[in-house]
Each structure stands twice: as C-alpha cells, then as structure tokens.
Amino acid sequence: MSEPMIPLSVAVLTISDTRDEQTDRSGQALVERLTSAGHALHDKRIVPDDVYRIRAVISAWIADPDIQVILTTGGTGFTGRDSTPEAVSVLLDKQIEGFGELFRQLSWQEIGSSTVQSRCLGGLANATVVFCLPGSTGACRTGWDGILAAQLDSRHKPCNFANLVIPERGQHV
C-alpha cells in the first residue's frame, strides 16, 4: 500500500520591479502547481528587486516555524537590478549545488546556451528549503515539473527534501 503524500506549507515570493498581482504569471504558475500537488500556500508576496527587501521577507519566512518551503521567482539574471542570489545566499545554512546544476541542464533543452545566465539556487536554512527560480513562467514550470514536484513529495524515493523539513520524520536539519 502506498503511503500518503504529506502536504508542505509553502511561501512564494515574486521579485520584480514591474509585476503586480494581475501580471505575476510566474508566481501564479508556482501557486497553481504547488496547490495542485496537494501542498498548502502559506503566503505569497511581490517585492522589488532590492537586496534588503528580499532578505527581509525571506528572513521572516525562514524564522516562521509554519513555513517549510520558500519558492522565489525573479532576480536571478545578470542585469543591474538582479540581486536574488546575493540576497538569499547569505541566509542559507547549506547550499544545494545540484539544484542549479540540474535546473540548467533541463533548461538547456528549452533555451540552449542562454541557460548559463541563470543564477538560480537552492539551499536549507533553519529546517526550511529555499529555491530561487528565474522570473520567466517557462523557467518556473521547468523548475517545478523537472525537479521540485518530486523533491517536495514525501513519497519520492530514494530521497527528497520533504522528509528533511517534516518535523515528525525526525530528519530535519
């Protein structure tokens, strides 16, 4: 008999100087995918691409014991205002190097060599997993469908990040 999927509490942050709730297709794509998978949306916000405003929201969410997963979209490129990696990386206890590597491998199939400009990253902080995705809706779909859907499913074998952040599993960081 298959064990049930354990839903996780997820917060979504869109990082953009131009998007609002009506135009935030990437954030909405993540919300639709995570809720369709059975997870719960705990919070969703949009902040400008500013290191300290990003860091303030992410820090508060990392400190919130009710949030197990943080997903961000936007600010991972190379333009002058793209600052998500700089804002988030200093907050992480451990980086998940394989997340960015695998994302770029999957993205290569869709956008070719342009994937080298993606500075997406993942990590663990205070028993919370944090994944920073590019701002395009396609990139969010690639990240969720190709990596996060399985890694946030407590039934995925041989291992997954869900079991690291579920306190009753006793394995959380």
Checklist entry - Got a number for residues in region 2-13 being surrounded by fewer than 22 Cβ atoms within 10 Å (Cβ to Cβ) and of a type in the set (A, V, I, L, M)? => result 2
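Yes/no per residue for (1) of a type in the set (Lys, Arg); (2) closer than 23 Å to Asn160 by Cα; (3) modelled with pLDDT of 95 or more:
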position: Arg81; (1), (2), (3): yes, no, no
position: Leu92; (1), (2), (3): no, yes, yes
position: Gln109; (1), (2), (3): no, no, no
position: Gln117; (1), (2), (3): no, no, no
position: Ala125; (1), (2), (3): no, yes, yes
Item to check | helices (runs of 4 or more DSSP H) wholly inside region 1-89 that include at least 1 residues being in contact (Cβ under 8 Å) with a residue 40 or more places away in the chain and more than 18 Å from Thr142 (Cβ to Cβ) | outcome: 51-63, 84-89
Checklist entry - Yes or no: Ala162 touching a His at 6+ places or on another chain (Cβ under 8 Å), under 17 Å from Val69 (Cα atoms) and surrounded by fewer than 19 Cβ atoms within 10 Å (Cβ to Cβ)? => result no
Next on the checklist: Just the residues that are basic (Lys, Arg) and surrounded by 18 or more Cβ atoms within 10 Å (Cβ to Cβ), please, taken from region 14-44.
Outcome noted: Arg19, Arg33
Next on the checklist: Just the residues that are part of a strand (DSSP E or B), touching a Gly at 6+ places or on another chain (Cβ under 7 Å) and among the small types (Gly, Ala, Ser), please, taken from region 123-155.
Outcome noted: none
Checklist outcome for this item: The residue from Ile15, Ile46, Ile70 that alone is in contact with a helix residue (DSSP H, G or I) (Cβ under 9 Å, 6 or more places away or on another chain) and farther than 24 Å from Ala127 by Cβ is Ile46
Checklist entry - In region 66-110, how many are exposed (fewer than 13 other Cβ atoms within 10 Å of the Cβ), touching a Leu at 6+ places or on another chain (Cβ under 7 Å) and among the β-branched types (Val, Ile, Thr)? => result 0
Checklist entry - Quick check: anything in region 111-118 touching a residue at least 60 places away in the same chain (Cβ under 8 Å), surrounded by 15 or more Cβ atoms within 10 Å (Cβ to Cβ), not in a loop (DSSP other than H, G, I, E, B) and not hydrophobic (A, V, I, L, M, F, W, C)? => result no
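The values are calculated or read from the model by the stated rules, or taken from the named source; none is laboratory data. Bear in mind that the values here come from a model prediction, so they are computed numbers and not experimental data. Neighbour counts are summed over all protein chains in view; Cβ atoms, including those assigned to glycine, are modelled from backbone coordinates with ideal geometry.
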